[in-house]
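Read the figures in this text as sums done on the coordinates, not as results from a lab. Given the structure is predicted, the values throughout are model-derived calculations rather than measurements. Please note: Cβ atoms are built from the backbone with ideal geometry, for glycine as well, and neighbour counts cover all protein chains shown.
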Amino acid sequence: MPGRLTPVTQRNRHASRSSRVGFLLLVGFLLLVGVMGGSGCGTVRDEPSRIEPVYDRTTGRLELLKYDANGDGTVDTWSYMDGARVLRIELDGDQDKRIDRWEYYGPDQQIEKIGLSTKRDGKADRFEYYEKGMLTRAEVDSSGDGRIDKWEVYNGSRLASVAFDTTQRGSPDRRVVYGPDGSARLERLP
Ligand SMILES: [Ca+2]
Ligand SMILES: [Ca+2]
């Protein structure tokens, strides 16, 4: 079981990285051309149809950037902003009009948390937590009942342990601990 989810994680992590990087570059570009200033104009000359800034009607402050990352004419990336600061980015990577990735950014603009819909049904069932850009742990609802039943802990880039709630008691009762040498040890938890 532990081996099953690692490829899913990696696929999700890699799947939208390029579009995200492209989007963040675009945000930088917008800052350069002054769109963030809140002129009220809805388009940028070089990207007339792919990005739409939304400003607070009262303050003129930028609050949302809608972006069509793949250029198919439908918005797939929503970046919720506080002026020039990114708060949260929601992505519909497979273009089916349901969000499959939620990225949360801290005050330092580093990613803090990612929610993923691994079943692509619009519901987040995997939550990844980051410190200084590094994945430190993840919580997974593998059964889809809305309750976390799997906990992953990372040490650097290495998966260090995976704990499971096999009896639906709300906390882990089994844990697999992985050694740096590739060894695995199963533990029963009280
Ligand atoms: Ca699109
Ligand atoms: Ca989707």
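The calculated FRET efficiency for residue 186 paired with residue 112, based on their beta-carbon distance and R0 = 25 Å, is about 0.20. Taking amide H atoms as placed 1.01 Å from N in the peptide plane, the amide H of residue 83 lies under 5 Å from those of 62, each 5 or more residues away in sequence or on another chain. A Förster distance of 35 Å, applied to the separation of the beta-carbon atoms of residue 84 and residue 143, puts the FRET efficiency at 0.30.
3J(HN,Hα) along the stretch 117-124, derived from phi through the Karplus expression 6.51 cos²θ - 1.76 cosθ + 1.60 where θ = phi - 60°, amounts to 9, 6, 8, 6, 10, x, 10, 6 Hz, with x in place of Gly and Pro.
From the square roots a ≥ b ≥ c of the eigenvalues of the alpha-carbon gyration tensor of the stretch 107-190, which class results: rounded (a/c under 1.5), prolate (a/b over b/c), or oblate? Please list the in-between numbers first.
Details: a/c = 2.22, a/b = 1.12, b/c = 1.98.
Here the stretch 107-190 falls in the oblate category.
So, R0 is 41 Å and r is the distance between the beta-carbons of residue 171 and residue 61; what FRET efficiency does that work out to, to 0.05?
Values: r = 43 Å, r/R0 = 1.04.
E between residue 171 and residue 61, to the nearest 0.05, is 0.45.
Going through the cross-link list 97/123; 66/132; 66/97; 119/150, which pairs have a Cα-Cα distance over 18 Å in this structure? It would help to have the intermediate numbers written out before the result.
Values: 97/123 13 Å; 66/132 27 Å; 66/97 13 Å; 119/150 16 Å.
Over 18 Å Cα-Cα: 66/132.
Residues whose amide H comes within less than 5 Å of that of residue 134, counting only those at least five positions distant or on another chain, are absent (H built at 1.01 Å from N in the peptide plane).
Each residue, residue 132 and residue 54, gets one label point 7 Å from its Cα in the Cβ direction; the gap between the two is 3.7 nm. Karplus-derived 3J(HN,Hα) values for the stretch 169-183, using 6.51 cos²θ - 1.76 cosθ + 1.60 with θ = phi - 60°, are 8, x, 8, x, 10, 9, 9, 9, 9, 9, x, x, 8, x, 6 Hz; glycine and proline are entered as x.
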